[in-house]
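Worksheet: the structure to be examined is printed underneath.
The values are calculated or read from the model by the stated rules, or taken from the named source; none is laboratory data. Note that the structure is predicted; figures quoted are calculated from it, not measured. Reconstructed Cβ throughout: ideal geometry from the backbone, glycine too, with neighbour counts over all protein chains shown. We work out accessible area using only protein heavy atoms, side chains counted, and drop any ligands, DNA or RNA first. Shrake-Rupley method; radii C 1.70, N 1.55, O 1.52, S 1.80 Å.
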Amino acid sequence: MKQILIEKFKKLYGREDGTSYFSPARVNLIGEYTDFNGGYVFPCGLAFGTYGIIGLRDDMIVRVYSDSFSKEPYVFELETFYKDEKAPWSDYIKGVIAGFYQKNYMLDKGFDLYIYGNMPAGAGLSSSASLEMLIAVMINDLFNYGIEKTDLALIGQYAENVYVGLNSGIMDQFAVVHAKKDQALLLNTDTLQFEQIPFVLDEYQLMVINTNKSRGLTESKYNERFSECMTALNILKPLYQINHLCELKTKELIYVEKLLDPTVFRRVRHVVTEQERTILSSKALKENNIELFAKQMIGSHESLRKDFEVTGKALDTLVEVSLKAGALGARMTGAGFGGCIVAIVDKKILKNFIEETEKNYESIMGFKPTFYTVKAKQGTHKI
Ligand code: GLA
């Protein structure tokens, strides 16, 4: 891959001095919609993601080329750039630069950049965080800023929140930059402390399966769930002395129910029970109790379907047919409303599992899902 990047860079910009990087996609194993509620998330990095090659310039111009988005290099100036409705993908790059500015790291040179993504688009595996962290790590290296990974993740989140306009939590950027091979990352999104837990499933296979229904309405629905959670927090904060919804305990839900509108209450119930499932899952994984881990995944999907209402027919069907075909556990992953599920399947039945799931999903939905056998991989790095 590195050779292809070097050749492409030369062809595009006539230079041979680029530095190459890879930034993975991420899959969240469990802990969904807990990250803007101060809870735990449990993601890992994947083998597909975004490649890039970059070289500094002597002026303040940035040139970017991406096979998926542009026919010729997209050009902007570091002093005067703005959000461009005609090239919304460039906002992720500009947003990261703006994130550095906001921390007073003022880039004093432009750069030439070529990016190449090999992950399924719109699949909920966080192509945006993969790109944001690619840019953040490249800039950090090239300008010798020496910024820690966690602060780079916060710069990526700034790009997403302020520049792109999604009120997302820290999970995606954090997972992409901190991911480690054969480890899953248990992150406390309140304190940003984290633990890497060995994640090699031996006789089981981790599967990511794409519904091939791209995620409609994700941004507006996502921001709607964010404000429902904030509405609940504003009411409960003074009464329960909490800073985040994830500080509530399930046994308190019975009292909380009386204080909230029924829909808002169901959102809270998901968040609080998901927090408990995530903690339980991480303990189960440490004890190599994959059955218990998988059971929490099933509970998570049910809660996201009934209480948080972010699944939809394609995701629900795929989880249902996967479980019927023998998956030990399965759930939607990421923001939902389409995109992918994540499943754990016994390697002995894998071939049959794929055939059955494909057949049954297609007979209900009218189109096929796509299967990926995956493993936990390293975060954003130089190649
Ligand atoms: C998206 C967001 C994350 C997180 C998940 C849901 O991936 O970017 O911050 O909120 O949805 O868990």
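Within the range 164-179, the set of residues being more than 12 Å from the ligand (Cβ to nearest atom) and touching an Asp or Glu at 6+ places or on another chain (Cβ under 8 Å) comprises Gly165 only. Evaluated against (1) on the phi < 0 side of the Ramachandran plot; (2) of a type outside the set (A, V, I, L, M, F, W, C); (3) surrounded by fewer than 16 Cβ atoms within 10 Å (Cβ to Cβ), Gln241 falls short on exactly one condition, (1). Pairs only if they're at least six apart or on different chains, beta carbon under 6 angstrom, first in the range 112-131 and closer than 25 Å to Glu7 by Cβ, second assigned to a loop (DSSP other than H, G, I, E, B) and within 13 Å of the ligand (Cβ to nearest atom); list them, first residue then second. Note: pairs meeting the criteria are Met119/Leu125.
Within the bounds of the range 365-376, is there any residue that is open to solvent by less than 40 Å² (accessible area, probe 1.4 Å), within 16 Å of the ligand (Cβ to nearest atom) and out of contact with any Pro (no Cβ under 8 Å at 6 or more places or on another chain)? So far as the range 365-376 goes, no, none of its residues is open to solvent by less than 40 Å² (accessible area, probe 1.4 Å), within 16 Å of the ligand (Cβ to nearest atom) and out of contact with any Pro (no Cβ under 8 Å at 6 or more places or on another chain).
On the basis of being within 20 Å of Asn167 (Cα to Cα) and surrounded by 15 or more Cβ atoms within 10 Å (Cβ to Cβ), does Arg63 make the cut? It is false that Arg63 is within 20 Å of Asn167 (Cα to Cα) and surrounded by 15 or more Cβ atoms within 10 Å (Cβ to Cβ). Exactly one residue out of Phe337, Phe293, Phe265, Phe308 is in a helix (DSSP H, G or I), of a type in the set (A, V, I, L, M, F, W, C) and surrounded by 22 or more Cβ atoms within 10 Å (Cβ to Cβ), and it is Phe293. When Ala87, Ala153, Ala123, Ala136 are checked against the criterion of being in contact with a helix residue (DSSP H, G or I) (Cβ under 8 Å, 6 or more places away or on another chain) and more than 26 Å from Asp17 (Cα to Cα), a single residue qualifies: Ala153. Quick check: is even one residue across the range 208-219 open to solvent by less than 50 Å² (accessible area, probe 1.4 Å), more than 16 Å from the ligand (Cβ to nearest atom) and at pLDDT 95 or above? So far as the range 208-219 goes, yes, one or more of its residues are open to solvent by less than 50 Å² (accessible area, probe 1.4 Å), more than 16 Å from the ligand (Cβ to nearest atom) and at pLDDT 95 or above. Are any residues in the range 339-364 farther than 25 Å from Val310 by Cα and either touching a Gly at 6+ places or on another chain (Cβ under 6 Å) or within 16 Å of the ligand (Cβ to nearest atom) (or both), and if so, which ones? Residues satisfying the conditions are Ile349, Phe353. Selection of the range 345-359 for residues being open to solvent by less than 40 Å² (accessible area, probe 1.4 Å) and within 12 Å of Val321 (Cα to Cα) yields Phe353, Thr357. Here Ala284 does not qualify as more than 30 Å from His381 (Cβ to Cβ), in contact (Cβ under 8 Å) with a residue 12 or more places away in the chain and small (Gly, Ala, Ser).
Name the residues in the range 324-338 that are more than 9 Å from the ligand (Cβ to nearest atom) and either over 10 Å from His301 (Cβ atoms) or among the hydrophobic types (A, V, I, L, M, F, W, C) (or both), would you? Lys324, Ala325, Gly326, Ala327, Leu328, Ala330, Met332, Phe337, Gly338, listed by residue number. Residues in the range 126-163 that are open to solvent by less than 30 Å² (accessible area, probe 1.4 Å), among the aliphatic types (A, V, I, L, M) and either within 22 Å of Gly338 (Cβ to Cβ) or within 14 Å of the ligand (Cβ to nearest atom) (or both): Ala129, Leu131, Met133, Ala153, Ala159.
Listed here are the residues, each with its yes/no results for (1) at pLDDT 95 or above; (2) buried (at least 24 other Cβ atoms within 10 Å of the Cβ); (3) in a helix (DSSP H, G or I); (4) within 16 Å of the ligand (Cβ to nearest atom).
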residue	(1), (2), (3), (4)
Ile4	yes, no, yes, no
Glu7	yes, no, yes, no
Ser23	yes, yes, no, yes
Glu32	yes, yes, no, yes
Phe36	yes, no, yes, yes
Ile53	yes, yes, no, no
Asp58	yes, no, no, no
Lys71	no, no, no, no
Lys83	no, no, no, no
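Here Asp190, Asp202, Asp182 are screened, and the one residue that is without any contact (Cβ under 8 Å) to a residue 40 or more places away in the chain, open to solvent by 40 Å² or more (accessible area, probe 1.4 Å), of a type in the set (Asp, Glu) and away from the ligand (no atom under 13 Å from the Cβ) is Asp202.
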